[in-house]
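Visitor: This is the structure I have questions about; it appears just below.
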Amino acid sequence: QVQLVESGGGLVQPGGSLRLSCAASGIIFFSTYNMAWYRQAPGKQRELVATIGGNTNYADSVKGRFTISRDNAKNTVYLQMSSLKPEDTAVYYCNAAPPRWNRVYWGQGTQVTVSS
């Protein structure tokens, strides 16, 4: 059974930094999975924040401020967030997509609140 567990969310002041972690279990070949972070604010659609596979890519709104990385030995993906803004406030979700398989896995999410 595949399970994704996010951690590291919390309250941070504007301009601050936070690192989110997503620990995966039940995935044999973790290194072959495309991993991603999404976020969703109240009343808004879930949006893609960053992906990491053979390459990395980012939403324009976070480019230059967020960095996605992974440690395949630990089956973990990270999202380092810097220069945080109030508009970054959302529930952040981890996503895992296996190669050549028409499905994805989701974590339960972790709340990030940016406020003074």
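The values are calculated or read from the model by the stated rules, or taken from the named source; none is laboratory data. For clarity, every value in this text was computed on a predicted model and none was experimentally measured. Every residue, glycine as well, gets a Cβ built from its backbone with ideal geometry; the counts of neighbours run over all protein chains shown. These accessible areas exclude ligands, DNA and RNA; they are computed on the full protein's heavy atoms, side chains included. Shrake-Rupley method; radii C 1.70, N 1.55, O 1.52, S 1.80 Å.
Visitor: Read through the labelled values [x] 14.2, 48; [y] 13.1, 40; [z] 13.6, 44 and report the label of the one computed as Rg and Dmax of the Cα atoms in Å from the structure.
Guide: Looking at Rg and Dmax of the Cα atoms in Å for this model, the match is [z].
Visitor: With a 1.4 Å probe and all protein chains kept in place, how do ARG100, ARG39 rank by accessible area, largest first?
Guide: Heavy-atom accessible area, descending, gives ARG100, ARG39.
Visitor: Heavy-atom accessible area of GLU87 with all protein chains present, probe 1.4 Å, nearest 10 Å²?
Guide: Using a 1.4 Å probe on the heavy atoms, I get roughly 130 Å².
Visitor: Ignoring the sites themselves, what is the longest stretch of the chain with no chymotrypsin sites (Phe, Trp or Tyr not before Pro) in a DSSP loop and at most 14 other beta-carbon atoms within 10 Å?
Guide: 30-100
Visitor: How much length is gained on full extension from ASN72 to GLN1, taking 0.36 nm per residue of separation minus their Cα-Cα distance?
Guide: Residue separation times 0.36 nm, minus the Cα-Cα distance, leaves 23.7 nm.
Visitor: Just for the chain, what percent of DSSP beta bridges are antiparallel, to the closest 5?
Guide: So the antiparallel bridges in the chain amount to around 90 percent.
Visitor: If you don't mind, there's one more thing I want to ask. In whole percent, and with a 1.4 Å probe on the protein chains, what portion of the accessible area of the chain is carbon and sulfur?
Guide: 46 percent
Visitor: With unit charges on the beta carbon (Lys/Arg positive, Asp/Glu negative), name the residue among ALA24, GLN40, TYR93 whose Cα is farthest towards the positive pole of the charge dipole of the chain.
Guide: ALA24
Visitor: Could you give each residue of segment 77-94 its phi-based ³J(HN,Hα) in whole Hz, using Karplus coefficients 6.51, -1.76, 1.60 with θ = phi - 60°, and x for Gly or Pro?
Guide: My calculation for segment 77-94 gives 10, 10, 9, 8, 10, 10, 6, 5, 10, x, 5, 7, 4, 4, 8, 9, 10, 8 Hz in order.
Visitor: For segment 26-41, what does the Karplus curve 6.51 cos²θ - 1.76 cosθ + 1.60, with θ = phi - 60°, yield as ³J(HN,Hα) per residue in whole Hz, taken in order and with x for Gly and Pro?
Guide: With coefficients 6.51, -1.76 and 1.60, one gets x, 10, 6, 10, 4, 5, 8, 7, 7, 10, 8, 10, 10, 9, 9, 9 Hz.
Visitor: Under 5 Å between amide H atoms, partner at least 5 residues away or on a different chain: which partners does ARG70 have, H built in plane at 1.01 Å?
Guide: TYR78
Visitor: List the trypsin sites (Lys or Arg not before Pro) within segment 51-95 that fall in a DSSP loop (any state other than H, G, I, E or B) and whose Cβ has at most 16 other Cβ atoms within 10 Å.
Guide: Passing sites in segment 51-95 are LYS63, ARG65.
Visitor: Right, something else. What is the dipole size for the chain, taken about its Cα centre, with +1 at each Lys and Arg Cβ and -1 at each Asp and Glu Cβ, in debye to the nearest 20?
Guide: 160 debye
Visitor: Under a 5 Å amide H to amide H cut-off, with H placed in plane at 1.01 Å, what residues pair with GLY16 once short-range neighbours are removed?
Guide: LEU84
Visitor: In addition: Largest first, how would THR113, THR76 line up by accessible area (1.4 Å probe)?
Guide: Ranked from most to least accessible, the order is THR113, THR76.
Visitor: Accessible surface of LEU48 in the full protein assembly, 1.4 angstrom probe, to the nearest 10 Å²?
Guide: Here the accessible area works out near 70 Å².
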